[in-house]
1. Using a Gaussian network for chain A with springs between C-alpha atoms less than 10 Å apart, which of these wobbles most: A:Arg40, A:Arg188, A:Arg12?
2. Among A:Lys77/B:Lys105; B:Lys105/B:Lys131; B:Lys13/B:Lys131; B:Lys77/B:Lys146; A:Lys109/B:Lys146, which pairs are too far apart, with a Cα-Cα distance over 31 Å?
3. Which helices, counted as full DSSP H runs in chain A, have an axial Cα extent of no less than 24 Å and a Kyte-Doolittle average of 0.5 or above?
4. How far, in nm, would the chain grow between A:Arg34 and A:Arg139 when pulled straight, counting 0.36 nm per residue and subtracting the alpha carbon separation?
5. Tell me the relative contact order for region A:44-137 as a rounded percent, counting alpha carbon contacts under 8 Å between residues six or more apart.
6. When only Cα pairs under 8 Å and 6 or more residues apart are kept, what is the percent relative contact order across region A:67-205?
7. What is the percent of Cα-Cα separations in region A:1-75 that go past 15 Å?
8. Where in region A:122-184 are there trypsin sites (Lys or Arg not before Pro) that are in a DSSP coil and have at most 15 other Cβ atoms within 10 angstrom of their Cβ?
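Values in this text are rule-based calculations from the coordinates and carry no lab data. This structure is a prediction, so every number in the text was calculated from the model and none was measured. When we count neighbours, we look across all protein chains shown, and the Cβ atoms used for this are built from the backbone with ideal geometry, even at glycine.
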2 protein chains.
Amino acid sequence: MAYRETEKMRQRKAEARQRIIDCTWECVAEGGFRSARITRIAGLAGVATGTIYRHFESREHLFAEIFRLATQREVDKVAEALGISGNAVERLESALRQFAGRALKGPMKAWALIAEPVDPTVEEERLAYRKAYADLFERAINEGIKEGCIPEQNARLASTCLVGAISESLIGPLSPTQTRSLQDTDNRNNTLVDAIVCFCIQGLTGTRS
Amino acid sequence: MAYRETEKMRQRKAEARQRIIDCTWECVAEGGFRSARITRIAGLAGVATGTIYRHFESREHLFAEIFRLATQREVDKVAEALGISGNAVERLESALRQFAGRALKGPMKAWALIAEPVDPTVEEERLAYRKAYADLFERAINEGIKEGCIPEQNARLASTCLVGAISESLIGPLSPTQTRSLQDTDNRNNTLVDAIVCFCIQGLTGTRS
């Protein structure tokens, strides 16, 4: 009996933790990390603010966890896009389109993950995740060099150029201070993604696309 | 007499402020913002820690000021490099070489300015300064499009790709966790700069360099 109680408590704790995570992400998706205040998260999750600190050492630790979970989803999507059939250039193009397209469809989320000034704990995670993207690109670039569709080059360096070019070029368009009209958004986004992909593939292959 | 006293005090205050700035930058150049602790800065500058807070609202404000001063120097160097004679592609190449070369020559300083996780106040400055670099590049790209040495494209977007590619590709090589041997540094740095510039110019022009 004592054992089953403990199990139930454990489950309840896990559920509360998940609810805190979901509600934090809800806040971040709506207004960035800035708008994810602990009192607001507690209100949404239906827990006391003290409960949040029983699950997460600090606001920074909670944010770092949210950042990891959300960014890993994006890394997985890029890995998935790299897994299509085709040569390495086609696969890299599909991955870049996936990354930029998803970002522009959820601009506030993407802004929070890519550029919003948060705190050093989240910045550390950002550095680590940019490496994760670069690792994926590097593998594809090396495959492309072997296949012959990408010229011989320092694949590591080129992969970081891709990560930098695609994230930096999205920061302006994603910025919450940018005014967006719903009408021209789709067109504008497609043109933008084309231009980013064009720069990246040209940088890699030296061939006008 | 009273007036001259006030002048003297003002001058002394200005000197103390400058000394605090110089000593903070000395710490940052040696071990990044992380190593610039207020007690250490106060010790180096020969002032009480309280004096620092009379000049700067907080550690964050002091860091933001240091960041602005140091980054403005780099922006000026890039502007200078863009001012050489030659067509826009040559001038952009010289600016990219200037930026990367200076960064690799002072890796700890550059790491602190480009990538070190600091705090949101400095991160806000970083976003602003990346725009300043992009503004310079954008002007040169537009000139290149007019001159005909750069193909028609969205110059704003391409300028942010340049900023992203060059900073992101430097983060790994600049990272303090990277082990460096003094011997191979110069060679390695030249190869690195060549590869970064090659990616950037190809991205811009679509021509193998």
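1. A:Arg12
2. Values: A:Lys77/B:Lys105 37 Å; B:Lys105/B:Lys131 23 Å; B:Lys13/B:Lys131 33 Å; B:Lys77/B:Lys146 24 Å; A:Lys109/B:Lys146 37 Å.
Checking Cα-Cα distances, A:Lys77/B:Lys105; B:Lys13/B:Lys131; A:Lys109/B:Lys146 exceed 31 Å.
3. On the way: long enough: A:2-31 (44 Å, -1.17); A:59-82 (34 Å, -0.22); A:88-105 (25 Å, -0.19); A:120-147 (40 Å, -0.85); A:155-174 (28 Å, 1.14); A:182-205 (35 Å, 0.14).
Both cut-offs are met by A:155-174.
4. Details: separation 105, 0.36 × 105 = 37.80 nm, distance 3.54 nm.
Separation in residues times 0.36 nm, less the Cα-Cα distance, equals 34.3 nm.
5. Details: 50 pairs, mean separation 29.9, N = 94.
Dividing the mean separation by the residue count of region A:44-137 yields 32 percent.
6. On the way: 126 pairs, mean separation 42.2, N = 139.
Relative contact order here is 30 percent.
7. Details: 1542 of 2775 pairs.
Value for region A:1-75 (Cα pairs over 15 Å): 56 percent.
8. Details: sites: A:Arg126, A:Arg130, A:Lys131, A:Arg139, A:Lys146, A:Arg156, A:Arg180; in loops: A:Arg180.
Of the trypsin sites (Lys or Arg not before Pro), the ones in loops of region A:122-184 whose Cβ has at most 15 other Cβ atoms within 10 Å are A:Arg180.
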